[in-house]
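Input: a single structure, listed below in C-alpha cells.
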Amino acid sequence: MQPTISPLFKTRPWEESLLKWSGDATSHYDFVKNYWMSKLGGQTGFDTAIQKGIIEPEAMAMSSAGFSGNVADASAKISGIKGAAIELVLYEKVGIGRGGVWSNNPWLQELPDPVSKCTWDNYILMSPNTAKANGAEHTDLNEVQRAKKVFSVKANGTEIKLPVLVLPGMHDEVIAIAVGYGRDKGVGKAAAGTGVNVYPMVSKDANGNAAFYANAEMTGTSETYDLAITQTHHTFESKRPIIHEFTFEEFKKNPLALYEERKEELSHFTHNFDAPHDEHGAAAAHAEAAASTGEPMPAKTATGEDWEDAYRKNGTLYPNHENLGLKWGMSIDLNSCVGCGACTIACQAENNVSVVGKSQVLLVHDMHWLRIDRYFAGDPSKPDSIQTLFQPMLCQHCDNAPCENVCPVNATNHSSEGINQMAYNRCIGTRYCANNCPYKVRRFNWRDWNEADCFSDNVYEDGRRDDVNNDITRMVLNPDVTVRSRGVMEKCTFCVQRLQGAKATAKKQGRTMKDGEARTACQQSCPTDAIVFGNVNDQESAIYKLRYEEQKERVFHVLEEIHTLPNVNYLSKIRNADVLQSTDPEKESHEASHKEHA
C-alpha cells in the first residue's frame, strides 16, 4: 500500500480515526508500514516488497495442510433442499462491487455487465426456455427492443417487481437477481433510484445461507420497463466472420489453418503476413524494383499513376504510406480476455471519457472508446451447450481507414506513426466518419461534457448546480487529455499522450524508446495481460514477436477482407474442450457460430 494523494482538506481517513480513538497517535501509513516491517524483516524487506509489488510467502509443506470442512454434512444439506420449480440466486455485480459499495460511481453504473451487457439497472436473469414457458419468449426482436416484461418474484416472504432479461446459458430452473441497487437515502445522484432493492428478501436460513432460495414464486405482469443494453448497439447484419475459434483438437491437427486461409482469401492484395513492412502497393512495388537492380533506391514520391495503380490493385487511397520508424500496433488475445471491463474503465479514466446516463445510453449515445462485445456459441435451448466469448473492440487505427477519406475538413487523419488521430478543434460534427467506420468505434458528443450537462438533473430544486466545473469535481479529469465539447467526434487514440510522454523522457535521456516503456491504459489495467502494445517495426518488441513469430498462426484482423489494414490484431480463441459447432451449414467447422442477438 502506498499513498496516492494528500488529503484535500483538513480531514483524516477513517482508519486513522480508529487509531486516534484507540489511543494510538501513529498515522495510518506508519501503522501499516510498521506491521509489514515486522513481518518482512525490517526496512530492507519492506522496500523489496514495495519494489516488487508482491509478497511471496514461503511454500507450505504439503504435510502441514489439512481440510477442516465437513463435506458429508454439507452434502446432506444440499440434497435435503426441496423446493418449487424455480430457484432464486442473489449475486453481486462485477461493476458496483460487494453489496453495491460502488453504486454511487457513475463510471461503474454505466459499465456494461460482462455477460448481460446491461447498464444502470438490476433485473431478473432467466433462461430462454423458462422465459418462453412464462410468456417472456426470447427472440431477436425482444433483444433489440428496450422495453422488457416485468415479473413479480416472491421469496422469503418478500415480493419485488423487476424486468426480465433473457440470457442463454442460464439453468432452466434458476433465476438470478443482482443486489446493491435501489438505494434511495443518503446517496448521490448516480445511485439514487437506480434499480430495485433486493435486500428486504435477504435473511439467513437454518443452514446459514443468505443468497439462495429454493422455493421462489414468479408471475408475469402487464407492465414493461426499459433496460439500457449496449450489446445491440452499432450492429448490422453480416455473414463475415468477426471471430475465429477452434477447439484444441482442431488446432493440433492443423495449427496453420487460419494462417493459410487468410493468405488465400487475401491473396489478391499486396499483403505481407510475415513482416510489418511493404503492405501497400506503392511500397511493395518500390521494394521489388530495388531488389531487381541489387542497389538501394531513393524514396519515391507517388505520382498520379501510382495513386491510380494503388487503388486499382490494393483498394487504397494511400499509396505513399511509409512504414519507417515508429509504427504502433496492438494485439489482443481472445484466449486471455475474460470480459471484466477493467480496460473500459481505465480508458474512461485516462482519456476523460464522459458518462451520459441511462436515458442517453437508451438512445445509443454511450461514449466508451473501448467496448467489449459478448458473443454466444451454441443452442439457446440447451444451456449446457452455450459458450461465451469476449472481444474488446476499439479503433483499429487502419492504414486504409474508411473514416479518413470522408471527412470534409480533414479532422481525422493518419499520423506518421500509424495512428488514426483526431483534430478536435477542426471537427464540425458531420459524423460521416462514424457512418463509414465498419467497426463502429467512433463516438459523437451529443452533450457538453466540458460544461457538465451530461446528467439531466445537474440543477437541484434549490438552484444549486453540481457541475464538473467546480474545482473538486474537475480533479477527476486527466490534464494531459483534451476535454471534448458538444458536437465533436472522438475515439481511441492509443493513449497518444502516454506515447508522447515516453518519447520525451527518452529524448531527455539521450536514448531511443524501449519496448514496453509506453503502455496504454487498457494494456496496463488488464488483469490477464490479454493486451500487448508496441512498435511493430521493432523486431525485438513483444508485439512483433507475437504477431510475426510466436503466434502468427493465431493472428487475424477483424473484417480484414475489406482491406482496411487495421493496426490492431486478435489471436484466435482456442478452447480446451469440444463445444457445439456451428449450426450454420455455410460456415466451416472451425468457425463457431457467434450470434450477437441483434
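Would you check if Gln523 is modelled with pLDDT under 90 and closer than 30 Å to Arg262 by Cβ?
Judged against the criteria, Gln523 is not a match.
Examine segment 11-26 for a residue that is surrounded by 14 or more Cβ atoms within 10 Å (Cβ to Cβ), at pLDDT 85 or above and among the hydrophobic types (A, V, I, L, M, F, W, C), and state whether such a residue exists.
yes
Taking segment 147-173, which residues are surrounded by fewer than 20 Cβ atoms within 10 Å (Cβ to Cβ) and basic (Lys, Arg)?
Across segment 147-173, the qualifying residues are Lys154, Lys161.
Applying the selection to segment 12-27, what residues are outside any loop (DSSP other than H, G, I, E, B) and under 35 Å from the mean Cα position of the chain (by Cα)?
Listed by number, the residues that qualify are Trp14, Glu15.
If only one of Ala211, Ala176, Ala206 is modelled with pLDDT of 85 or more and surrounded by fewer than 22 Cβ atoms within 10 Å (Cβ to Cβ), which one is it?
Ala176
Which of the residues spanning segment 156-199 are closer than 30 Å to Thr473 by Cα and of a type in the set (Lys, Arg)?
Matches in segment 156-199: Arg183, Lys185, Lys189.
Going through segment 409-431 one residue at a time, which ones are closer than 18 Å to Phe444 by Cβ and hydrophobic (A, V, I, L, M, F, W, C)?
Val409, Ala411, Met422, Ala423, Cys427, Ile428 - these are the residues of segment 409-431 that are closer than 18 Å to Phe444 by Cβ and hydrophobic (A, V, I, L, M, F, W, C).
From the residues in segment 220-245 that are over 25 Å from Asp113 (Cβ atoms) and modelled with pLDDT of 80 or more, which one is surrounded by the fewest Cβ atoms within 10 Å (Cβ to Cβ)?
Ser222
Being surrounded by fewer than 12 Cβ atoms within 10 Å (Cβ to Cβ), touching a helix residue (DSSP H, G or I) at 6+ places or on another chain (Cβ under 8 Å) and either at pLDDT below 75 or not assigned by TED's automatic domain parsing to the domain that holds Lys154 (or both) is the requirement here; does Gln51 meet it?
On the way: surrounded by fewer than 12 Cβ atoms within 10 Å (Cβ to Cβ): yes; touching a helix residue (DSSP H, G or I) at 6+ places or on another chain (Cβ under 8 Å): no; either at pLDDT below 75 or not assigned by TED's automatic domain parsing to the domain that holds Lys154 (or both): yes.
No: the conditions fail for Gln51.
Output the residues belonging to segment 552-568 that are part of a strand (DSSP E or B) and surrounded by 23 or more Cβ atoms within 10 Å (Cβ to Cβ).
Val568
Please work out which one of (1) within 30 Å of Ile472 (Cα to Cα); (2) not in a loop (DSSP other than H, G, I, E, B) is the condition Phe9 fails and give its number.
In the conditions (1) within 30 Å of Ile472 (Cα to Cα); (2) not in a loop (DSSP other than H, G, I, E, B), Phe9 misses (2) alone.
Might you let me know whether segment 377-386 holds any residue that is buried (at least 22 other Cβ atoms within 10 Å of the Cβ) and more than 21 Å from the chain's Cα centre (by Cα)?
Yes, some residue in segment 377-386 is buried (at least 22 other Cβ atoms within 10 Å of the Cβ) and more than 21 Å from the chain's Cα centre (by Cα).
Might you let me know whether segment 192-201 holds any residue that is more than 25 Å from Pro106 (Cβ to Cβ), at pLDDT below 85 and not acidic (Asp, Glu)?
Checking segment 192-201: at least one residue is more than 25 Å from Pro106 (Cβ to Cβ), at pLDDT below 85 and not acidic (Asp, Glu).
Can you tell which of Glu596, Glu560, Glu588 is at pLDDT below 85 and in contact with a His (Cβ under 9 Å, 6 or more places away or on another chain)?
Exactly one residue qualifies, and that residue is Glu560.
So that you can scan it fast, the table gives a plain yes or no per residue for (1) in a strand (DSSP E or B); (2) at pLDDT 90 or above; (3) assigned by TED's automatic domain parsing to the domain that holds Val481:
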{"residue": "Glu288", "(1), (2), (3)": "no, no, no"}
{"residue": "Pro296", "(1), (2), (3)": "no, no, no"}
{"residue": "Ala302", "(1), (2), (3)": "no, no, no"}
{"residue": "Tyr311", "(1), (2), (3)": "no, no, no"}
{"residue": "Cys347", "(1), (2), (3)": "no, yes, yes"}
{"residue": "Ser354", "(1), (2), (3)": "no, no, yes"}
{"residue": "Gln360", "(1), (2), (3)": "no, no, yes"}
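Kindly indicate whether any position in segment 470-484 is at pLDDT 85 or above, farther than 28 Å from Ala191 by Cα and charged (D, E, K, R).
Yes.
When only residues in segment 388-419 that are outside any strand (DSSP E or B) and of a type in the set (Val, Ile, Thr) count, which is surrounded by the most Cβ atoms within 10 Å (Cβ to Cβ)? Please lay out each step first, then the result.
Narrowing segment 388-419 to residues outside any strand (DSSP E or B): 394-411, 415-419.
From what's left, of a type in the set (Val, Ile, Thr): 406, 409, 419.
Values: Val406: 16, Val409: 10, Ile419: 20.
Filtering segment 388-419 for residues that are outside any strand (DSSP E or B) and of a type in the set (Val, Ile, Thr), the one surrounded by the most Cβ atoms within 10 Å (Cβ to Cβ) comes out as Ile419.
Find all pairs meeting these conditions: Cβ atoms under 9 angstrom apart; at least six residues apart or on different chains; first residue within segment 332-349 and touching a residue at least 60 places away in the same chain (Cβ under 8 Å); second residue among the acidic types (Asp, Glu) and assigned to a strand (DSSP E or B).
Leu334/Glu245
Which condition breaks for Tyr181 when tested against (1) at pLDDT 85 or above; (2) in contact with a strand residue (DSSP E or B) (Cβ under 7 Å, 6 or more places away or on another chain); (3) crowded, with 20+ Cβ neighbours inside 10 Å?
(2)
Tally time: how many residues in segment 132-169 are among the aliphatic types (A, V, I, L, M), within 24 Å of Ser381 (Cα to Cα), touching a strand residue (DSSP E or B) at 6+ places or on another chain (Cβ under 6 Å) and modelled with pLDDT under 85?
Total meeting the criteria: 2.
The values are calculated or read from the model by the stated rules, or taken from the named source; none is laboratory data. Since the model is a prediction, treat every value here as computed from it, not as a measurement. Counting neighbours? That spans all protein chains shown, and the Cβs are built from the backbone with ideal geometry, glycine included.
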